[in-house]
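Written out below as C-alpha cells is the structure these notes cover.
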C-alpha cells in the first residue's frame, strides 16, 4: 500500500475556498495511486477564538474542559475537507483523535502520544482513498479528550507517519525552512535539505515552521519530513538524515524569540543546595527554565538570572515567592523586554571562534548582551527586544545567511 501522510496548518484551511483547493490537490494525489492520510489543524484563528471565549467565561478554565473545547476546532476542518473530497468523487472519511484511537498521557493541554491504533487505519484504507484526521488531539486512559499543546498537529502527523512508515509532508504558509525568518532577515535563503539535529535545535529555539517534538519523533524513527507551502508550487525543504559534508557551513540558520522573560533573584545564599532546590521546585511544576547565569556578590550572597516562557511568568513568580530560599534580603526582577537570539550549525563542531565572532559583532554594533548559553551546535544570547532585528541582520551578514552572498543553498 502506497501511503502518504500530509498535514495542513490553520492558514492552509483558513477559508472554504482554501479547503476546496486542498481537496483538488489531494484528489490529484489519489489519481497517482496514493492512499493519503491527511492531518488538519483548526481553521485560521479558530483555536485562538475558542481560547478567548473560554477566558471570558473563566479566569482559570479547567484544563479538562479546555481540551473538550479546543478539540472542536479540528472537527470543523476535517468534516468540511471530507465533504469537499466526497464532492470530488473521492472515497474519504474523517476521524477525530478519539475515534482513531490516538492514546495519550493524562496531562491536559500538553499531552504526549503513547499509542495509535494502526489496525483501524489499515481497515479504513480498505474502503477509502483518503482518511482525514483531526490533529492536535487524542484521548487519555480516562477516555477524556486531550490536546498536545501548540504545534501539536505537526506531532500528530509525524507520529502517524512513523507508525505507517510513510513519508510525511507538512504544508504551511511558507515555502520551507529558511536561514532566518524572512520578516526579520529579508534576504534569508531557503534551505533545500537539513538534518534532524539542526532542525530540532532551530525549532526549539524559536523557528516556528515545525514543532520540535515532531522533528524529534521523525529523527527517532528515520521518517523524512518535507516542509513546503500550500499556496506555491516552488520546492520546499526536506528534513532527513544528513551526513556531515566536507565543508559544512559554520552556521545553518538564525532564529529569535520574544516569548521569554528574564528573572533575576538577588541576594541568595551562595550554596548549590539552594540552586538545586529552586530549579527542582520549578521543574516539578512543569516550568521550563532555559538560560541560567550566576553571579557571586560576596562570600555570603549571589545573584541568579534565568529565563522561562512568558506564559509561565505568574506561576513562576508565585513559586519563587513561596520558595524556602527567599529571605528578607531577596529581591526579584522580571524583565519581559528581551529577545533571545540563537545561531545553529553543525559546522560549529569543527570551527572555532564562532562565539568570539558573535560577541565582536554585537560589540561593534553597540548591542549589549545580557545572557549567553551554548550547546555543541548552537549559541544563544539575550539582548533588549529593541535590538532584535538589528542583531539578526548583522549576524546574517557576518555568517553569510543571505541569498545574495553568492553561495549555494545547503
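Figures for the structure shown
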{"item": "Options 28, 18, 7: the member that is surrounded by 23 or more Cβ atoms within 10 Å (Cβ to Cβ) and either over 27 Å from residue 119 (Cβ atoms) or touching a helix residue (DSSP H, G or I) at 6+ places or on another chain (Cβ under 6 Å) (or both)", "result": "7"}
{"item": "Boolean, residue 169 is out of contact with any helix residue (DSSP H, G or I) (no Cβ under 9 Å at 6 or more places or on another chain) and either more than 27 Å from residue 104 (Cα to Cα) or outside any helix (DSSP H, G or I) (or both)", "result": "no"}
{"item": "Test: residue in the stretch 212-219 that is part of a loop (DSSP other than H, G, I, E, B), closer than 21 Å to residue 110 by Cβ and touching a residue at least 40 places away in the same chain (Cβ under 8 Å)", "result": "no"}
{"item": "Residue in the stretch 222-238 that is farthest from residue 154 (Cα to Cα), counting only those that are in a loop (DSSP other than H, G, I, E, B) and touching a strand residue (DSSP E or B) at 6+ places or on another chain (Cβ under 8 Å)", "result": "234"}
{"item": "Lone unmet requirement of (1) surrounded by 12 or more Cβ atoms within 10 Å (Cβ to Cβ); (2) over 27 Å from residue 7 (Cβ atoms); (3) in contact with a helix residue (DSSP H, G or I) (Cβ under 7 Å, 6 or more places away or on another chain) for residue 275", "result": "(3)"}
{"item": "Check on residue 144, touching a helix residue (DSSP H, G or I) at 6+ places or on another chain (Cβ under 8 Å) and farther than 14 Å from residue 105 by Cβ", "result": "no"}
{"item": "Number of positions in the stretch 77-123 that are buried (at least 19 other Cβ atoms within 10 Å of the Cβ), touching a strand residue (DSSP E or B) at 6+ places or on another chain (Cβ under 8 Å) and in a helix (DSSP H, G or I)", "result": "8"}
{"item": "Failed condition for residue 157, given (1) surrounded by fewer than 23 Cβ atoms within 10 Å (Cβ to Cβ); (2) at pLDDT 95 or above; (3) touching a strand residue (DSSP E or B) at 6+ places or on another chain (Cβ under 9 Å)", "result": "(1)"}
{"item": "Test: residue 132 is on the phi < 0 side of the Ramachandran plot, part of a strand (DSSP E or B) and at pLDDT 95 or above", "result": "yes"}
{"item": "Residues located in the stretch 176-186, provided they are touching a strand residue (DSSP E or B) at 6+ places or on another chain (Cβ under 6 Å) and surrounded by 20 or more Cβ atoms within 10 Å (Cβ to Cβ)", "result": "176, 177, 178, 179, 180"}
{"item": "Residues of the stretch 364-405 that turn out to be within 22 Å of residue 192 (Cα to Cα) and either out of contact with any strand residue (DSSP E or B) (no Cβ under 9 Å at 6 or more places or on another chain) or in a helix (DSSP H, G or I) (or both), as a count", "result": "10"}
{"item": "In the stretch 187-203, the residues that are assigned to a helix (DSSP H, G or I) and buried (at least 20 other Cβ atoms within 10 Å of the Cβ)", "result": "196, 198, 199, 200, 201, 202, 203"}
{"item": "The stretch 38-70, residues that are touching a helix residue (DSSP H, G or I) at 6+ places or on another chain (Cβ under 9 Å), in a helix (DSSP H, G or I) and more than 16 Å from residue 139 (Cβ to Cβ)", "result": "46, 47, 49, 50, 51, 53, 54"}
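The values are calculated or read from the model by the stated rules, or taken from the named source; none is laboratory data. All figures in this text were calculated on a predicted structure; none of them were measured in a lab. Cβ sites come from the backbone with ideal geometry, for glycine too, and all protein chains shown count toward neighbours.
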